[in-house]
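The values are calculated or read from the model by the stated rules, or taken from the named source; none is laboratory data. Predicted model, so just to flag it, every value in this text is computed and none were measured. As a convention, Cβ positions derive from the backbone with ideal geometry for all residues, glycine included, and neighbour counts pool all protein chains shown. Ligands, DNA and RNA are excluded from the accessible area calculation, which covers all protein heavy atoms including side chains. Shrake-Rupley method; radii C 1.70, N 1.55, O 1.52, S 1.80 Å.
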Amino acid sequence: MSDTPETDKPSWWRRLSSGLKRTSSSIGTALTEFISKRKLDRAMLEEIEDVLLRADLGTEVASRIAEAVGEGRYDKMIAASDVKEIVAAEVEKVLAPVAQPLVIDAAQKPFVILVVGVNGSGKTTTIGKLSQRFAGEGRKVMMAAGDTFRAAAIEQLKVWGDRTGTPVIAGAQGSDSAGLAFNALTAAKEQGRDVLLIDTAGRLQNRKELMNELEKVVRVIKKVDTSAPHAVLLVLDATVGQNALSQVEAFTATAGVTGLVMTKLDGTARGGILVAIAEKHKIPVHFIGVGEGVDDLAPFTARDFAKAIAGTEAA
Ligand SMILES: Nc1nc2c(ncn2[C@@H]2O[C@H](COP(=O)(O)OP(=O)(O)OP(=O)(O)O)[C@@H](O)[C@H]2O)c(=O)[nH]1
Ligand SMILES: [Mg+2]
């Protein structure tokens, strides 16, 4: 247990752990159900593994946890709380190497961040939150409305621009988004901006023509600065589950994803998939989204996320 009184916990932690409550209580309930009735045997370990698979943790991590539970405990009565502690510890081990802050290299002026993902995952909102964070660190930020499909998307980014005091480069609706990215980067360079955040339209990872368009955005950015984009953030919606794995694979192949942000961890999230992604792809996870407000973005920390999944500490 932590020494910190519950009320002193940051609000993002309370939202994260209640968002992941569905996962943690499904693990907890299942464990209590069969663990309380009999001694540990092979069949029970398989049941534990099944519970973890249903929580999207992935086959490797689930079997590793089951193995760790089995060690020295065969033919003994075990407590659900012990198993939960093992789940938390093993999940933390998988997540610790990928929990990495997004480092802005000040030598890159501007440091170009391209934000990609499927429809509605939280890209534009995350850009707004990031711009607030960077501006708060004293950086000169610019945003580019690279989602040129919908007029509403351009307006949405402008609202975030007003809210965070950040200039927004936008073109006409229906204009070429690679061209917009080119113009925005040129303008950001001329104005000596520290960070350029480029929004993109949501696209399903299996839509070839839309993925080609994204590839073109990256190619055109490189015409202005061969080292850019310096970060490509894939925004994942935590409510989605298994599909996130194929999003990671497709967007990495197309746009060279360098880091992940998982949003909507405040709702009824299924964050277990992040463990499977970390195990398989080892892509850094920078931030989590825990609400719709400008400050509802928290750095990703392995221990907190692991505890929230395992339910070892109350919200
Ligand atoms: N609860 C919650 N809602 C979020 C979070 N992040 C984004 N949202 C909401 O999710 C919805 C979609 O967010 P957007 O930022 O518009 O998503 P997008 O990826 O830009 O969407 P498209 O541009 O249509 O692909 C909005 O209603 C946001 O307020 C979060 O961390 N928590
Ligand atoms: Mg958007």
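Checking residue 178 against (1) within 24 Å of residue 215 (Cβ to Cβ); (2) touching an Asp or Glu at 6+ places or on another chain (Cβ under 9 Å); (3) open to solvent by 10 Å² or more (accessible area, probe 1.4 Å): exactly one of these is not met. Which one?
With respect to (1) within 24 Å of residue 215 (Cβ to Cβ); (2) touching an Asp or Glu at 6+ places or on another chain (Cβ under 9 Å); (3) open to solvent by 10 Å² or more (accessible area, probe 1.4 Å), residue 178 is out only on (3).
Any residue in the stretch 7-18 that is in contact with a helix residue (DSSP H, G or I) (Cβ under 9 Å, 6 or more places away or on another chain) and β-branched (Val, Ile, Thr)?
No: zero hits.
With respect to residue 178, is the statement that it is within 22 Å of residue 132 (Cβ to Cβ) and either of a type in the set (A, V, I, L, M) or part of a helix (DSSP H, G or I) (or both) true?
Working: within 22 Å of residue 132 (Cβ to Cβ): no; either of a type in the set (A, V, I, L, M) or part of a helix (DSSP H, G or I) (or both): yes.
No: the conditions fail for residue 178.
Enumerate the helices (runs of 4 or more DSSP H) found wholly within the stretch 70-164, keeping only those where 2 or more residues are closer than 22 Å to residue 55 by Cβ. Reasoning before the result, please.
Details: elements: 80-95, 123-136, 151-164.
Filter on the stretch 70-164 gives 80-95.
Given the structure, is residue 214 more than 30 Å from residue 55 (Cα to Cα), within 16 Å of ligand 2 (Cβ to nearest atom), open to solvent by less than 20 Å² (accessible area, probe 1.4 Å) and free of Cβ contacts under 8 Å to residues at least 60 places away in the same chain? Full working, then the answer.
Values: more than 30 Å from residue 55 (Cα to Cα): yes; within 16 Å of ligand 2 (Cβ to nearest atom): yes; open to solvent by less than 20 Å² (accessible area, probe 1.4 Å): yes; free of Cβ contacts under 8 Å to residues at least 60 places away in the same chain: no.
It is false that residue 214 is more than 30 Å from residue 55 (Cα to Cα), within 16 Å of ligand 2 (Cβ to nearest atom), open to solvent by less than 20 Å² (accessible area, probe 1.4 Å) and free of Cβ contacts under 8 Å to residues at least 60 places away in the same chain.
Tell me, which residue of the stretch 189-204 that is under 28 Å from residue 246 (Cα atoms) and open to solvent by less than 30 Å² (accessible area, probe 1.4 Å) is farthest from ligand 2 (Cβ to nearest atom)? First the steps, then the outcome.
So in the stretch 189-204, the residues under 28 Å from residue 246 (Cα atoms) come out as 196-204.
Checking the rest, the ones that are also open to solvent by less than 30 Å² (accessible area, probe 1.4 Å) come to 196-203.
Numbers: 196: 17, 197: 12, 198: 12, 199: 6, 200: 8, 201: 7, 202: 6, 203: 11 Å.
Checking each candidate, the answer is 196.
Here is a yes/no grid of residues against (1) under 30 Å from residue 270 (Cα atoms); (2) surrounded by 16 or more Cβ atoms within 10 Å (Cβ to Cβ); (3) more than 20 Å from the chain's Cα centre (by Cα); (4) small (Gly, Ala, Ser):
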site	(1), (2), (3), (4)
108	no, yes, yes, no
115	yes, yes, no, no
123	yes, yes, no, no
129	yes, yes, no, no
144	no, yes, yes, yes
151	no, no, yes, yes
187	no, yes, yes, yes
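Check whether at least one residue in the stretch 103-113 is closer than 20 Å to residue 297 by Cα and within 11 Å of ligand 1 (Cβ to nearest atom), and report yes or no.
no
If you take the residues in the stretch 24-50 that are open to solvent by 10 Å² or more (accessible area, probe 1.4 Å) and β-branched (Val, Ile, Thr), which one is modelled with the lowest pLDDT?
The qualifying residue modelled with the lowest pLDDT is 32.
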